[in-house]
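Here's the structure, in structure tokens; my notes come after.
Quick note: the coordinates plus some simple rules give every number you see, no bench work behind them. What you are looking at is a predicted structure, and each value in this text was computed from that prediction instead of being measured. Here the Cβ positions follow ideal geometry from the backbone for every residue, glycine too, while neighbour counts run over all protein chains shown.
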Amino acid sequence: MEPIRKVILTRSDAEPWWFFEDWQKDIVQTWEYVEESAAVEKYKTEISRLRNIFPNVKTKNYQSIAFWNPEELEFCEACDDDAQIYHGIILFEDEQPMEIDEEMMEEIKGLLAGG
């Protein structure tokens, strides 16, 4: 059986690589692909789109990226304070973050730099 690749878009007060309990409730949209190349292209397209919208970006291993605007805060009842909202993009393969090779990492670095 072919592995399923997913590009997952999240909106949360946690960066997308934390995968806290019930993290799936933060999913805004999911795209599924059998072909790795199609998933990677969608991932790169979404990185470029989000980079054009949000001034701040942080990544972990390049398969999870958080974008945010420092002014987008929501009140967190559990912590009784305002929490930063992150818009995350994750590249999954077989229900776990996909391994990113050096070539793709360089491409993503360029996209994140605005290139």
Item to check | Which labelled figure in (i) 6.9; (ii) 7.4; (iii) 10.8 is mean projected area of the Cα convex hull in nm², once derived from the coordinates | outcome: (ii)
Checklist entry - In degrees from 0 to 90, rounded to the nearest 10, what is the angle of the helix 36-53 Cα long axis to the longest principal axis of the chain? => result 30
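Based only on other Cβ atoms within 10 Å, what is the fewest-to-most ordering of 44, 58?
Numbers: 44 18, 58 15.
Starting with the residue having the fewest Cβ neighbours, the order is 58, 44.
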Next on the checklist: Please compute the contact order of the chain in relative form: average sequence separation of alpha-carbon pairs under 8 Å and at least six residues apart, divided by the residue count, as a percent.
Outcome noted: 35
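Where does each of 75-83, 103-111 land if you order them by average Cβ count within 10 Å, highest first?
103-111, 75-83
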Next on the checklist: Compute, for the chain, the length of the dipole vector about the Cα centre, with Cβ point charges of +1 (Lys, Arg) and -1 (Asp, Glu) only. Units Debye, rounded to 20.
Outcome noted: 440
Item to check | Nearest 10 degrees, 0 to 90: helix 102-112 Cα axis against the chain principal axis | outcome: 40
Checklist entry - Among the lysines in the chain, how many pairs, 8 or more places apart or on different chains, have alpha carbons under 18 Å apart? => result 10
